[in-house]
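Taken together, the values in this text are just the output of simple stated rules run on the coordinates, not laboratory data. Bear in mind the structure is a predicted one, so any value in this text is a computation, not a measurement. All Cβ positions, glycine included, derive from the backbone under ideal geometry; neighbour counts span all protein chains shown.
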């Protein structure tokens, strides 16, 4: 009987030590494209976001990959935006035994703009 209890406890400790969650900032930027003083834009929606997901087995065998670029394109396509301003990125990761999920999220304000020319300094 004590061996079964010890084995069960040891198994739970191993499973718990192989699981975890992490979250961290991915960066900030004023805009996803250069905007000059000659350009004008209209904010079409505030606080939108796009997410891309990755899945790995055993930490290094990729089943799906993710990128910040794909998350940005998802956010822009939702509202037909030309770009995002006030941009932030965020990374999340969840590990359960031998499976790891990762999410990259890009958030910001969606804009439509009109180019007015280039700045020459």
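Taking Cα atoms only, the orientation of helix 68-79 departs from the longest principal axis of the chain by about 60 degrees. Take the Cα of residue 91, step 7 Å toward its Cβ, do the same at residue 64, and the gap between the two points is 1.9 nm. Dividing the helix sum by the residues of the chain, where each DSSP H run of 4 or more adds -39500 (n - 2.57), gives a mean residue ellipticity at 222 nm of -7500 deg cm²/dmol. Computed from label points 7 Å out along Cα-Cβ, the spacing between residue 42 and residue 98 is 5.5 nm.
Compared with the dominant Cα axis of the chain, that is its longest principal axis, helix 2-17 is turned about 10°. Scattering from the C-alpha atoms of the range 20-114 alone, worked out with Debye: what is log10 I(q)/I(0) at q = 0.13, 0.15 1/Å? Result of the Debye calculation: -0.49, -0.61. Taking other C-beta atoms within 10 angstrom as a stand-in for reagent exposure, 76, 92 fall in the order 92, 76, fewest first.
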